[in-house]
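Peer 1: Here it is, the structure, as structure tokens.
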Amino acid sequence: MVNLLFCCTLAGAQTEQKSGLQQHAEAEDAKGNIAGARFNYIRAFEDYAAKGQMKQAVTCGVKATSLYYKKENYYKEAFDLLRRIDQTILASKQDGAAKSGLFYLTTKERLQMYMKLRKAESAKSQLAILESQASAAGSEEVANDMLYTKAIYYYTFGLNERGNAVFKEMAAKLTAQKEYDKVDEVYQTLIANGRRSNNASMVAQTYQNYIVWKDSVTAQKTADEIAALKQQIADNEADIAEKDSSLTTRWMMIVGLGILAIALAAVLVAGALVLMRFILLTRKQKKTIKTANENNALKAKFISNISAQLEPTLSKLDSRIPEVKALQEFSQHIQTLSALETATDEPLEMAETQIPPFCEGLVDGIRNKVKKGVVLKVNAPKMSAVINKEYVSHILQHLLDNAADFTPEGGTITLEYKKRGARKFQFLVTNTGECIPEEKREDVFKPFLEVKDLTTGDGLGLPICKLMAAKMNGELDIDPEFTKGTRFVLDLYS
């Protein structure tokens, strides 16, 4: 989860010196000693609370909470600590607005936990509580943070239009206050978050909005400088009118006015040059991005053409030979991957599908492939969903085939369907056995990362599935919370 921009401001102006416990906790945190840092942050929370220094106490308590779940997934302990912090706030002697500001920090941490767990309904509930607390706090910093938090919430759960609206409101508010550096930092933070989460559409849309905002701010800054100089000229003219009795004074003021006029002209020229340079740079960047996209499309088409030209020759070879069969499948996968990468964003054909028989049919396809004693389960309620059967079948069948390969004897493979909201639903493929290491979970969805023996697989199956999910405006990921094997989650939207 992202580090929110205004968290330091919300914690209040820390006029008191940091305690030794807090300094020790921060030192352990900097060294990566999570357990030691967490222990000392909790002790600092207790010490500050006993002294009535509630802002520092809550800040340390919330920091300890984040160290429970962000890297070690101790969610129960994190929620327990937040309840303890809330009880301490409630028992404190703070006034109503101050308590609301402190409760805002703990509620925001809960919201971030639910967002990390992808629990949309729980996160939505916490967001409503957070808005009430932000209103009661009566703080401009809290109000700004509330807008940013709402934007991140909407982006996290795929509500990009609502996120854009809130983000635009926040940017306009800070721009009106002439806090340009804060707005610039928010845009940079959001672009960085989109890149870390591999959300290309979010990065592209945010970057486009950022360019438009940057152009307008550059023009506004130039206008402000011009207005300031004009005001200075007007003030000087007023001085001249008041001191017209002295010719020397008049002459000096005229000279000063001339200097200011020259400075004004210089500022106008400099502003125009800066604006022109920025416009040219922006156009160059857009042209570079367009050229790169065109080159990628041409590369994909070239590779696909080579594969297509090889296919007639490969089809004449004996497919019973493992190496020949591997080459044939590799050629087909390359053509599929290239077709997906270069395909236009035309709507896919959708059809209403009864879920139970659909899932049962997919699982039947691997009954003869699993190892001895492997149990196959289907958990699909009696309902229907509108899906693209070709893509969904391909994705789930590939995941089930992988599960059959990697599930040991006596293990379990499960295909589930879950309704997650009015417009969101999931297919989950779970198998027991060894987990995919955390450091390799992102790489399994990227093609051509390493040279492989094609007879053991070409590594293109999951990248193809990932692209198909994206073409359906969905997502395919590995559940990081499941530790008894591997669980793939296909999120789709109706």
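The values are calculated or read from the model by the stated rules, or taken from the named source; none is laboratory data. Predicted, not measured: the structure shown is a model, and the values here were computed from it. All Cβ positions, even for glycine, are placed from backbone atoms using ideal geometry, and neighbour counts span all protein chains on display. Note: areas computed on protein heavy atoms with side chains; ligands, DNA, RNA excluded. Shrake-Rupley method; radii C 1.70, N 1.55, O 1.52, S 1.80 Å.
Peer 1: Roughly how many Å² of residue 340 are accessible to a 1.4 Å probe, to the nearest 10?
Peer 2: Answer for residue 340: close to 10 Å² accessible.
Peer 1: Put 252, 146 in order of accessible area, largest first, 1.4 Å probe: what do you get?
Peer 2: Accessible-area ranking of 252, 146, largest first: 252, 146.
Peer 1: Further question: Quick check: pseudo-label points 7 Å beyond the Cα along Cα→Cβ at residue 135 and residue 93, how many nm apart are they?
Peer 2: Result for the modelled spin labels: 3.1 nm.
Peer 1: With a cut-off of 12 Å, note down the residues of region 46-85 whose backbone N falls inside the zone around a label point 7 Å from the Cα of residue 18 toward its beta carbon.
Peer 2: Only 60 pass the distance filter.
Peer 1: Can you classify region 368-407 as rounded, prolate or oblate using the Cα gyration tensor, where a ≥ b ≥ c are the square roots of its eigenvalues, rounded means a/c under 1.5, and otherwise it's prolate if a/b beats b/c and oblate if not?
Peer 2: Oblate, since a/c reaches 1.5 and b/c is not below a/b.
Peer 1: Then there is this: Tally up the carbon and sulfur contribution to the accessible surface of region 383-464 as a whole percent, 1.4 Å probe, everything protein left in place.
Peer 2: 49
Peer 1: Dipole of region 353-494 (Lys/Arg Cβ +1, Asp/Glu Cβ -1, origin at the Cα centre): which of 478, 465, 361 lies farthest to the positive side?
Peer 2: Checked the options; the winner is 361.
Peer 1: Roll a 1.4 angstrom probe over the protein heavy atoms and tell me the percent of accessible area of region 95-164 that is carbon or sulfur.
Peer 2: Taking all protein chains in place, region 95-164 shows 49 percent carbon and sulfur surface.
Peer 1: For residue 379, enumerate residues with amide H under 5 Å from its amide H, sequence gap 5+ or separate chain, H modeled in the peptide plane.
Peer 2: Here 415, 416, 417 satisfy the definition.
Peer 1: Separation between the residue 79 and residue 274 pseudo-spin-labels, each 7 Å from Cα along Cα→Cβ, expressed in nm?
Peer 2: 5.1
Peer 1: Between residue 257 and residue 184, what is 0.36 nm times their sequence separation minus the Cα-Cα distance? Round to one decimal in nm.
Peer 2: 22.7 nm
Peer 1: Further question: Under 5 Å between amide H atoms, partner at least 5 residues away or on a different chain: which partners does residue 353 have, H built in plane at 1.01 Å?
Peer 2: Amide H neighbours of residue 353, under 5 Å, 5+ apart: 385, 386, 387.
Peer 1: Sticking with this structure for a sec: Provide the gained length on full extension for the span residue 354 to residue 483, in nm with one decimal, where the gain is 0.36 nm per separating residue minus the Cα-Cα distance.
Peer 2: Contour length minus Cα-Cα distance gives 43.4 nm.
Peer 1: Probe of 1.4 angstrom, ligands and nucleic acids ignored: what's the accessible area per residue over region 375-426, in square angstrom?
Peer 2: Normalised by residue count, the accessible surface of region 375-426 is 50 Å².
Peer 1: While we're on this one: Let me check I've understood the local charge: for residue 474, count other residues with C-beta under 11 angstrom from its C-beta, Lys and Arg +1, Asp and Glu -1. What total comes out?
Peer 2: Summing Lys and Arg as +1 and Asp and Glu as -1 gives 0.
Peer 1: Another one. Suppose each label sits 7 Å from its Cα in the direction of the beta carbon; what would the residue 168-residue 192 distance come out to in nanometres?
Peer 2: That separation, rounded to one decimal, is 2.6 nm.
Peer 1: Still on this structure, please answer the following. Show the residues, 5+ positions off or on another chain, whose built amide H is closer than 5 Å to the amide H of residue 74.
Peer 2: When sequence neighbours closer than 5 places are left aside, the close amide H contacts are 69.
Peer 1: Mind grabbing the accessible area of residue 483 for me, 1.4 Å probe, Å², rounded to tens?
Peer 2: Using a 1.4 Å probe on the heavy atoms, I get roughly 100 Å².
Peer 1: In Å², what does the accessible area per residue of region 132-183 work out to with a 1.4 Å probe?
Peer 2: 45
Peer 1: Calculate the FRET efficiency for residue 224 and residue 72 from the Cβ-Cβ distance with a Förster distance of 35 Å, rounded to the nearest 0.05.
Peer 2: Once the sixth-power term is evaluated, E becomes 0.10.
Peer 1: For region 109-209, restrict the atom set to alpha-carbon positions and state the Rg and Dmax in Å.
Peer 2: Radius of gyration, then largest Cα-Cα span, for region 109-209: 13.5, 37 Å.
Peer 1: So how strong a dipole does region 378-436 carry about its Cα centre when Lys and Arg Cβ are +1 and Asp and Glu Cβ are -1, to the nearest 20 debye?
Peer 2: 660
Peer 1: Compute and list, largest first, the equivalent-ellipsoid semi-axes of region 41-147 from the alpha carbon gyration tensor, each √(5λ) rounded to a whole angstrom.
Peer 2: Semi-axes, largest first: 21, 19, 10 Å.
Peer 1: Now for a separate question. Let me make sure I get this right: for region 397-486, a, b and c are the square roots of the gyration tensor eigenvalues over alpha carbons, sorted descending. Under 1.5 in a/c it's rounded, otherwise prolate if a/b > b/c, else oblate. Which is it?
Peer 2: oblate
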